[in-house]
Amino acid sequence: MKRHKITIISCITLLVTALPAMAADPDQLQQLLDTGECQRCDLSNAQLEEAHLIGVDLRDANLQNANLFGANLEGADLTGANLEGANLTAAYLTNASFNQANLNLVNLTAAIAIDVDVFGASMIGLDITNAVIYNTGIGIGGGDD
């Protein structure tokens, strides 16, 4: 009896911890890859490592916790997108738009961000370790008092 309860508890724990790792909607992910457009799509937890997403339209998309390691997002429009907790390590972001986007807890380690528009974006806990950032409203430290 005791062994049975432990097995049930173990299975429930495994299911509950696996829920946050569920992948993005496969149809919407395919739409993005086929057309380069996926406005308001749910791509949370999407696995897009080293994806070529040049000029894609991801306005208002949910990319929370997405893995975009090494992705090329040059000229991409992510206006209003939710990228909270996303991994953009070594991503190429030149001329991308993140207007009004949620960039909280995004990992931009070693990313290249040149001429990126981040007007009105939330950037709490942004990791920019070793990132190359030019002509982009991302920086370290406080402003003028």
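Values for this structure:
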| quantity | calculated |
| --- | --- |
| Which numbered condition Asn82 fails, given (1) under 13 Å from the mean Cα position of the chain (by Cα); (2) buried (at least 18 other Cβ atoms within 10 Å of the Cβ); (3) under 19 Å from Gly55 (Cβ atoms) | (3) |
| Subset of the range 10-29 (residues that are more than 13 Å from Val56 (Cβ to Cβ), under 17 Å from the mean Cα position of the chain (by Cα) and modelled with pLDDT of 90 or more) | Asp25, Pro26 |
| Positions within the range 119-134 being closer than 11 Å to Leu108 by Cβ and either part of a strand (DSSP E or B) or free of Cβ contacts under 8 Å to residues at least 12 places away in the same chain (or both), in sequence order | Asp127, Val132, Ile133 |
| Ala101, sole failed condition from (1) more than 14 Å from the chain's Cα centre (by Cα); (2) farther than 17 Å from Leu32 by Cα | (1) |
| Number of the condition not met by Thr89 [criteria: (1) under 12 Å from the mean Cα position of the chain (by Cα); (2) assigned to a strand (DSSP E or B)] | (2) |
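The values are calculated or read from the model by the stated rules, or taken from the named source; none is laboratory data. Just so it is clear, the model here is predicted, and its values are computed rather than measured. Heads up, the Cβs are rebuilt from the backbone with ideal geometry, glycines too, and the neighbour counts pull from every protein chain shown.
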